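Below is one structure, written out as structure tokens, with a few remarks after it.
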Amino acid sequence: MFASIRNRMVVIVALVGLAIFYLFPRPETVRRQLADGRMQDTVMTRVPLKLGLDLQGGMHLELELDESEQVSADRVRDTDLALTVLRKRIDEFGVAEPVIQKVGDERIIVELAGIRDPDRAKGIVQSTAALEFRITDETRALDNALPAMDRVLAQMGIAADAPAGPSAASQVTELLGGTRDTQGVALGDTAAAPAVDSTTTDTAPTAAPTPAPTAGGPVLQSLIQPSSAYGFDPIPGEYAVVETAFVRVDSLLRIPEVERLLPRSVEWRWAGAPTAIGTEQVRMLYVLEDEPIITGDRLESATPQIDPMTNRPIVSFTLDRAGGRRFGAETGRHVGDYMAIILDNRVQGRAPRINSRIDRSGQIEMAGRDIREAQDLALTLNAGALPIPLKVVRDRQVGASLGQDSIRSGITALIAGTVLVILIMMTYYRLAGVLAVSALGLYILFTLAGLSAIDATLTLPGLAGLVLSIGIAVDANVLIFERIREELIAGRTVRLAVSEGFQHAMSAIVDSNVSTVLTALFLFQFGTGPVKGFAVTLIMGIAASMFTAIFVTKTFFLIWLDRKDSQATSLSI
Amino acid sequence: MTRIFANANYDFIGMRRKAIIATGVLLALGLVALLGRRINYSIEFTGGTLVEARTSGPAWDIEAVRAGLGSAGLGNVEITPYGDGQEIGIRVQDVVAGGDADDTQATANAVGAVLDQIAGAGSWERTSADAVSPKVGGELRTQAFLAIFFSFFAVLAYLAWRFEWRFGLAAVIATAHDIVLTICFIAILNLEVGLVVVAAVLSMVGYSLNDTIIIFDRVRENMHRSRREELIPVLNRSINETLPRSVLTHSTTLAALIALIIFGGEVIRPFALVMAFGVFTGTFSSIFIAAPVLLLIEQRWPGIDGRGVKVAGKGTARSATQSA
């Protein structure tokens, strides 16, 4: 079928045309589904070769379910749910060509190329966006439980004892009225300590020396004050803790023996951000009813806005019909009470008073944060809550400048390598070298076009693979040429030597290339982004190199032989 | 026409004892070097945080950075200057608290704060940051070893199918030799082993096998042609006949690798170094390990046609030629 030179030339020219077509940017219509289910067509310029994160800069996140606070019943299902939510959010966020995919059963990869504000993007990905509304506690449950909690703590040897504390502790003292007794709540390490649940030995590093009953006072009662004690309008269930003692109080409250003393009908939550009073900062602690009156899954839409009254950013929201009915009934029952708006287990702003029945719409105060954060919150609320919070297990960020340097060095190496290989081939093979070098040119063209056709991503190791494969790609030609030489020396005519040479070199070319592809496939299977790019380039390179050597070079030889006398005995090879 | 090693007739197989002694010495040296130090795994395999920072001002004062990090509670750090020292890589092994990448992110921020103090905020730029949780690192390391291990068997199976198990076994032993020597090479140069280096090792495996296969293909053909000939002359002749090809292909591959070593940049250099070493050890092992091992196997388990060789892959070799 490819016997005649004309047919062979047609195939080669067609393939070159196709390759050039693939390597030229052209407009392309992309159809995608918007968050609300409509389809939208966007005309975009198709980039011939996508660059990996390491070449254009961007962020690569690997996420897993974070089960430290909430255990998943079905991890695979929850990971799938989280994937859907992330897709919606990132779609709304508006990043060009994001990669959001699952690897294995329980891990999600998010790749956002070329983003400028990685921290913001990370916030959007990681925010659980679990929204709920709860009525603040009016039974003074915490006030009643505090003395008992302090007694338990005292038994454990934790008290407001009085070692010469660091300066942070004296600030606390001043704020709390300067009583020496309340100083030194072992604040030494709290700034650096994690806010996760800790055991007593972790949280009370310096508590032991002084016996609790004599020198120590009740630690929680001294640290947790009703917010009105700081001059705020009183709200039932609202307490204030000096910001510097926030982490310490949090870990004390999480001690199981302490937490148990709070009635089951209430739960406690911290405010999302500290509140300033004068030069100091306090953190609000809320004691809330255990049942939320409504949660975010009844949310229909959320919009960022500037509150015309206060000129501050807010997010206004609308609930669906069923949610609106329930919300209306609950708020109607609780007129005059205070309702905390809780996002990802943190209370947003101070709990507002319910002045009248609220139906389907309401608003969330952003507590002094900017409009962009309001936009992000609306975006995550619209995309829905994550079933389980996510934790980042790998976070890789590449600056755009590093990517450009990498591209520059990769291309320099590519050019230098190609020139060296051409020099070697031309010196050694002369005329046949010219054939091999033209085949090499086609080889590079075909490899790049092939990568473009399968939408592969070019990474830095991929570029290295391309350079390496140029050195290796001539191998097939070398095998053929050497074989032709041997046949010529053995006394065959030129025509016969060429055809025998191609035939005999074939098994070596096939066997050696298949073994290389096999190792590359394993590399592809296990590698992550950049290394996968390497494997793909290598495989594509081998395919292109075999094709150019076996088909293109042979055609060149046939054309050349065709012009000469078929009985020629000399061949410049 | 230019020809190198045109009618070469070296007695490669005759040199096998010397070659094996040389390999033994190299291996011993390598293993001693390996004992002295641990393989330097990158954070991809151990977990941890890597921050790369470039300053526009004078070169980084590494000792000041180290001291600053130390007082920030980050003692276990490794600082590598790149190029003229305006860019550094800071690798922090211990995380601030806990054990997840969330904390390694906190670590990256802590490093940033220290650099702000030393260079002044705004006068330096974080070119990249990578935080890997130890769990992910452990997984990647297991996967890398599995990939090398399984690719080994896949190739053995392919060779057994295309040639014969004797050939496959000899090729795999030669490749195992290459891998061990390459690991020694990595240890001696103290190269950081990350995914890119594993990719280099796997490519090296492919390349070395490729080279062995070219020679074995010729052995297969020559056995087929001259059935009366002894195995030793056949092996020698096959190696000599493929010598011009070997020299040429290795030169072009090395040329490409040298371009990568010089121009390819920090990330690619370890890859190119390992691969360049692989070109040498691959060539050596194809001639001095694979062929003698094949001889040894044939002497130990003789084939059926009295000469110690069952003419292997007769049918498949022919069908491959025909399909061309």
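The values are calculated or read from the model by the stated rules, or taken from the named source; none is laboratory data. Fair warning: this is a prediction, and the values are worked out from it, not measured in the lab. Cβ placement follows ideal geometry from the backbone for every residue including glycine, while neighbour counts extend to all protein chains displayed.
So the values come out like this:
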{"quantity": "A:Val510 part of a helix (DSSP H, G or I), away from chain B (no Cβ under 11 Å), modelled with pLDDT of 80 or more and within 30 Å of B:Asn7 (Cβ to Cβ)", "calculated": "no"}
{"quantity": "Residues being loosely packed, with under 14 Cβ neighbours inside 10 Å and free of Cβ contacts under 8 Å to residues at least 40 places away in the same chain - total across segment B:121-149", "calculated": "6"}
{"quantity": "Of the criteria (1) farther than 30 Å from A:Val287 by Cβ; (2) in a strand (DSSP E or B); (3) out of contact with any Pro (no Cβ under 7 Å at 6 or more places or on another chain), which one A:Ile135 fails", "calculated": "(1)"}
{"quantity": "Set B:Ala53, B:Ala64: member being in contact (Cβ under 8 Å) with a residue 60 or more places away in the chain, among the aliphatic types (A, V, I, L, M) and assigned by TED's automatic domain parsing to the domain that holds B:Ile118", "calculated": "B:Ala53"}
{"quantity": "Tally of residues being part of a strand (DSSP E or B), in contact with a helix residue (DSSP H, G or I) (Cβ under 8 Å, 6 or more places away or on another chain) and farther than 18 Å from A:Gln126 by Cβ across segment A:330-360", "calculated": "1"}
{"quantity": "Filtered residues of segment A:375-419 (kept if in contact with a Ser or Thr (Cβ under 8 Å, 6 or more places away or on another chain), of a type in the set (A, V, I, L, M, F, W, C), within 7 Å of chain B (Cβ to nearest Cβ) and part of a helix (DSSP H, G or I))", "calculated": "A:Leu402"}
{"quantity": "Among the residues listed as A:Ser515, A:Ser499, the single one being hydroxyl-bearing (Ser, Thr, Tyr) and either more than 30 Å from B:Ala272 (Cα to Cα) or in contact with a Lys or Arg (Cβ under 8 Å, 6 or more places away or on another chain) (or both)", "calculated": "A:Ser499"}
{"quantity": "Test: residue in segment B:231-242 that is at pLDDT 90 or above, aliphatic (A, V, I, L, M) and touching a Ser or Thr at 6+ places or on another chain (Cβ under 9 Å)", "calculated": "yes"}
{"quantity": "Residue, farthest from the other protein chains (Cβ to nearest Cβ), within segment A:425-436, restricted to residues that are closer than 21 Å to B:Leu257 by Cα and surrounded by fewer than 19 Cβ atoms within 10 Å (Cβ to Cβ)", "calculated": "A:Met426"}
{"quantity": "Residues within segment B:83-108 that are closer than 23 Å to B:Thr55 by Cβ, at pLDDT 75 or above and surrounded by 15 or more Cβ atoms within 10 Å (Cβ to Cβ), tallied", "calculated": "9"}
{"quantity": "Only one of A:Asp344, A:Asp297, A:Asp376 that is closer than 30 Å to A:Val71 by Cα, surrounded by 21 or more Cβ atoms within 10 Å (Cβ to Cβ) and acidic (Asp, Glu)", "calculated": "A:Asp376"}
{"quantity": "Hits in segment B:217-276 (condition: touching a Lys or Arg at 6+ places or on another chain (Cβ under 8 Å), among the hydrophobic types (A, V, I, L, M, F, W, C) and at the interface with chain A (Cβ under 7 Å from one of its Cβ atoms))", "calculated": "B:Leu260"}
{"quantity": "Flag for A:Ala413 being surrounded by 20 or more Cβ atoms within 10 Å (Cβ to Cβ) and modelled with pLDDT of 90 or more", "calculated": "yes"}
{"quantity": "Selected residue [at negative phi and modelled with pLDDT of 85 or more] from A:Ala169, A:Ala145, A:Ala159, A:Ala130", "calculated": "A:Ala145"}
{"quantity": "So A:Thr275, is it surrounded by fewer than 20 Cβ atoms within 10 Å (Cβ to Cβ) and within 23 Å of A:Val247 (Cβ to Cβ)", "calculated": "yes"}
{"quantity": "Residue, nearest to B:Gly282 (Cα to Cα), within segment B:169-195, restricted to residues that are within 10 Å of the chain's Cα centre (by Cα) and within 13 Å of another protein chain (Cβ to nearest Cβ)", "calculated": "B:Asp178"}
